[in-house]
Amino acid sequence: RWECLSTKYALPSIDIMTMFSDVAVSEPTFTEKICLPPYEGEKEFCDYPALMTIIKNLNPEYVLELGTAHGNTVANICSECNAKVFTVNALPEQIEGNVITYTLSKDEIGYVYKKNGFGNRVTQVYENTKNLNVLEFLAPNSIDLSIIDACHDSDFVVNDFLKIIPSLSENAIVLLHDTHPSLKNLYI
């Protein structure tokens with residue numbers, strides 16, 4: 001399914017240095033429960049600086065994140081721009097799939113962004129992405145940046161990508177976090 005998706009939608013892998021003229025490596029404003037390399041996980045990856053470079057250069061108005069976890073990514077996005085963020089995470093009783101990073105309670109989901117006062121800019125949706133209809137809470141063609149980082153089973157990743165398409169603006173950027181087939185052995 002991944003090859004079909006990649007071919008049909010011409011999903012490229014792009015070096016961030018070629019996307020933006022201003023590539024600034026920055027440290028996170030919030031480090032509590034950070035779930036991005038190099039702070040957690042594989043040390044040779046630098047996911048946080050790449051994400052913040054995209055945020056700073058794109059300056060999105062609306063962001064959609066699938067896979068809230070503790071909400072550190074949302075808190076750092078909110079600290080770098082004025083975006084309204086929509087974030088989705090399944091509650092424990094809604095979780096399916098095999099490649100799952102966290103099983104968090106309702107109080108744990110989004111803890112960091114709530115603790116740091118960004119709750120007024122964030123819409124938290126508690127749902128399994130297999131059952132998600134993004135147009136129930138988003139306008140069509142409104143999302144400037146989407147991050148897919150929920151269940152990492154290939155069926156879920158493909159489902160998540162296909163489900164967000166109606167919400168994407170014409171020039172939207174979609175980031176698929178740690179889902180590339182070359183990373184398969186990290187999650188088995």
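The values are calculated or read from the model by the stated rules, or taken from the named source; none is laboratory data. This structure is a prediction, so every number in the text was calculated from the model and none was measured. Every residue, glycine among them, receives a Cβ derived from its backbone with ideal geometry; neighbour counts consider all protein chains shown. Each accessible area value is taken on the protein alone, full model and side chains, heavy atoms only, with ligands, DNA and RNA left out. Shrake-Rupley method; radii C 1.70, N 1.55, O 1.52, S 1.80 Å.
Couple of notes before you dig in:
- For T31, the accessible surface of its heavy atoms amounts to roughly 90 Å² (probe 1.4 Å, protein chains only, rounded to the nearest 10).
- Of the listed residues D107, D160, D155, D15, the order by accessible area with a 1.4 Å probe, largest first, is D107, D15, D155, D160.
- Area of C46 that stays accessible when all protein chains are in place (1.4 Å probe, Å², to 10): 80 Å²
- Calculated from backbone phi, Karplus (6.51, -1.76, 1.60) coupling profile of region 136-151 in Hz, x at Gly/Pro: 6, 10, 10, 6, x, 6, 9, 7, 8, 9, 10, 10, 9, 8, 9, 4
- Exceeding the 23 Å Cα-Cα cut-off - candidates K33/K84; K56/K130; K43/K106: K56/K130; K43/K106
- Contour minus Cα-Cα distance for N171 and E32 (0.36 nm per residue): 46.9 nm
- In this structure H70 has an accessible area near 20 Å², from a 1.4 Å probe over the protein heavy atoms.
- Positive-end ranking of G117, N133, L104 along the dipole of region 91-138, with charges on Cβ about the Cα centre, is headed by G117.
- Among L132, L176, the sequence by solvent-accessible area, most first, with a 1.4 Å probe is L176, L132.
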